[in-house]
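J.: Shown below is the structure under consideration.
The values are calculated or read from the model by the stated rules, or taken from the named source; none is laboratory data. What you see is a predicted model, and the numbers here were worked out from it, not measured in a lab. Positions of Cβ are generated from backbone atoms using ideal geometry, with glycine treated the same way; all protein chains shown enter the neighbour counts.
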Amino acid sequence: MKIMTCPVNGPRNISEFAWGGEIKPQPDPATCTDAEWTDHLFLEANTAGVVSEWWLHTPTNTWFVARRNTVTDEVLETMTADTFFSRRSDTLR
């Protein structure tokens, strides 16, 4: 059985989770083209290696971020969205 650790609910069976997509920058909706917006909504980079992704713990409707190696399918870290985005803003300073 594969286990993923929800940052709010703790270790849970992977069947309780739904993948929500890669975390990627959103284009400006006021200036992007329809094609750019469509690409943002429906296309993934499918990077081989470590990526940050949205995940949902479906029984509690809790969204969080997981860093996962797509080559090995190993979940390296899970965190709340506020933790992820505060880390990102710290690295941009």
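J.: Considering each of Asp82, Asp39 in turn, give the residue that is at pLDDT below 95, within 15 Å of the chain's Cα centre (by Cα) and either acidic (Asp, Glu) or surrounded by 14 or more Cβ atoms within 10 Å (Cβ to Cβ) (or both).
T.: Of the residues listed, the single one that is at pLDDT below 95, within 15 Å of the chain's Cα centre (by Cα) and either acidic (Asp, Glu) or surrounded by 14 or more Cβ atoms within 10 Å (Cβ to Cβ) (or both) is Asp82.
J.: Can you tell me which residue within the range 62-76, out of those that are more than 12 Å from the chain's Cα centre (by Cα) and charged (D, E, K, R), is surrounded by the fewest Cβ atoms within 10 Å (Cβ to Cβ)?
T.: Asp73
J.: Just the residues that are touching a strand residue (DSSP E or B) at 6+ places or on another chain (Cβ under 9 Å) and of a type in the set (Asp, Glu), please, taken from the range 18-41.
T.: Glu22
J.: Return the residues of the range 11-25 that are at pLDDT below 95 and either touching a Pro at 6+ places or on another chain (Cβ under 9 Å) or surrounded by fewer than 10 Cβ atoms within 10 Å (Cβ to Cβ) (or both); say none if nothing qualifies.
T.: Pro25 - this is the single residue of the range 11-25 that is at pLDDT below 95 and either touching a Pro at 6+ places or on another chain (Cβ under 9 Å) or surrounded by fewer than 10 Cβ atoms within 10 Å (Cβ to Cβ) (or both).
J.: While we're here: Pairs only if they're at least six apart or on different chains, beta carbon under 7 angstrom, first in the range 6-32 and farther than 12 Å from Pro59 by Cβ, second surrounded by fewer than 14 Cβ atoms within 10 Å (Cβ to Cβ) and of a type in the set (Lys, Arg); list them, first residue then second.
T.: Within 7 Å, the pairs are Ile14/Lys2.
J.: With a cut-off of at least 3 residues that are closer than 20 Å to Phe85 by Cβ, name the strands (runs of 3 or more DSSP E) lying wholly within the range 1-74.
T.: Those strands (runs of 3 or more DSSP E) span 17-22, 50-57, 62-69.
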